[in-house]
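The structure under discussion appears below in the form of structure tokens.
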Amino acid sequence: MGQQQRQLYLDRVSLTAPVSSRYLLKDISFAVEKGARVAMVGSSGAGKTSLLRLLNRLNSPTSGSIYLDNQEYSKIPVTQLRQQVTMVLQESKLLGMSVAEAIAYPLKLRGIRPPEIQQRCEYWIQQLHIPPD
């Protein structure tokens, strides 16, 4: 039997605005395999930020379910979840840092050693074709 592939899965997820009950997201389903790079693009108001807030557990779905490796998202401790799901936002809040410093920052917080941090920074800078500073 092969090693099970890790997966994030949304099953018919909806989210409504708290005051108006207007749908921010309606009946969204998709799966993302471990290691996949996903880009969310769309016009203003399309639900990109709402979806990110669900994935980071800043909001809970109005209906539907979210799973990580077949485990219900709401049952995973938030700190554990945020170590497993990474997001890179278009507008960085890490002002005054180089790209390499911004990549290194969360790795330092997790206690990763400097040689590995350097290796990961170099890898992602090369993969994303961006200047390091």
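See the values below:
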item	result
In segment 62-79, the residues that are under 16 Å from the mean Cα position of the chain (by Cα) and touching a residue at least 24 places away in the same chain (Cβ under 8 Å)	Ile66, Tyr67, Leu68, Asp69
Where a residue in segment 9-23 is surrounded by 14 or more Cβ atoms within 10 Å (Cβ to Cβ) and its partner, wherever it lies, is basic (Lys, Arg), with Cβ under 6 Å and at least six apart	Ser14/Lys26
Segment 37-70 - residue that is of a type outside the set (D, E, K, R) and loosely packed, with under 10 Cβ neighbours inside 10 Å and, of those, nearest to Tyr9 (Cα to Cα)	Asn70
Filtered residue count, segment 38-55, keeping only those that are of a type outside the set (A, V, I, L, M) and touching a helix residue (DSSP H, G or I) at 6+ places or on another chain (Cβ under 8 Å)	1
Pick from segment 104-123, criterion touching a residue at least 12 places away in the same chain (Cβ under 8 Å) and hydrophobic (A, V, I, L, M, F, W, C), ranking: farthest from Gln80 (Cα to Cα)	Cys121
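Quick note: the coordinates plus some simple rules give every number you see, no bench work behind them. Computed from a predicted structure; not experimentally measured. Don't worry about glycine lacking a Cβ; one is built from the backbone with ideal geometry, like all the others, and counts go over all protein chains shown.
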